[in-house]
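Chemist: My questions will all concern the structure given below.
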Amino acid sequence: MIQILVNLKFYTMKEITLYIPEKKFPFFMELINSLDFVQKEVDTVTSKEQATKGFKEAVRQINLVKQGKLKARDARELLNEL
C-alpha cells in the first residue's frame, strides 16, 4: 500500500490589468519584482498607433516587392530564424 500525503493551501488571489507608459515600465517592474507576494505575468501590448504604423510599413514593403524594388524573403528562411 502506498500512502501519499498532500498539503494543499488555498489562496484567494485578485487580478488587475495595468497600462503602464513605456518609459515608466522598467521602474514599475523593478518595484513589482521586489514584492515576494506578487505573482507576475508580463504581457506587453503595443499601442494602436504602433500597430497601425507596423501594418502600413508591411503593406509598403509588399508593394515594393510587387514592383520588383525589394526582394522577398523565403518563408523557410524566416521560420529558420525563429
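The values are calculated or read from the model by the stated rules, or taken from the named source; none is laboratory data. Remember, it's a predicted structure, so these values are computed and weren't measured experimentally. Neighbour counts are summed over all protein chains in view; Cβ atoms, including those assigned to glycine, are modelled from backbone coordinates with ideal geometry. We work out accessible area using only protein heavy atoms, side chains counted, and drop any ligands, DNA or RNA first. Shrake-Rupley method; radii C 1.70, N 1.55, O 1.52, S 1.80 Å.
Chemist: Determine whether K69 is out of contact with any Gly (no Cβ under 6 Å at 6 or more places or on another chain), of a type in the set (K, R) and at pLDDT 85 or above.
Modeler: So K69 passes the test.
Chemist: When both residues are 6+ apart or on different chains and their Cβ atoms are under 7 Å apart, which pairs have a first residue that lies in the stretch 11-34 and is within 19 Å of S47 (Cα to Cα), and a second that is part of a loop (DSSP other than H, G, I, E, B)?
Modeler: Short answer, once both residue conditions are applied: F28/I20.
Chemist: Please indicate, with yes or no, whether at least one residue in the stretch 21-33 is at pLDDT 70 or above, open to solvent by 100 Å² or more (accessible area, probe 1.4 Å) and under 30 Å from R73 (Cβ atoms).
Modeler: The answer is yes; a qualifying residue exists.
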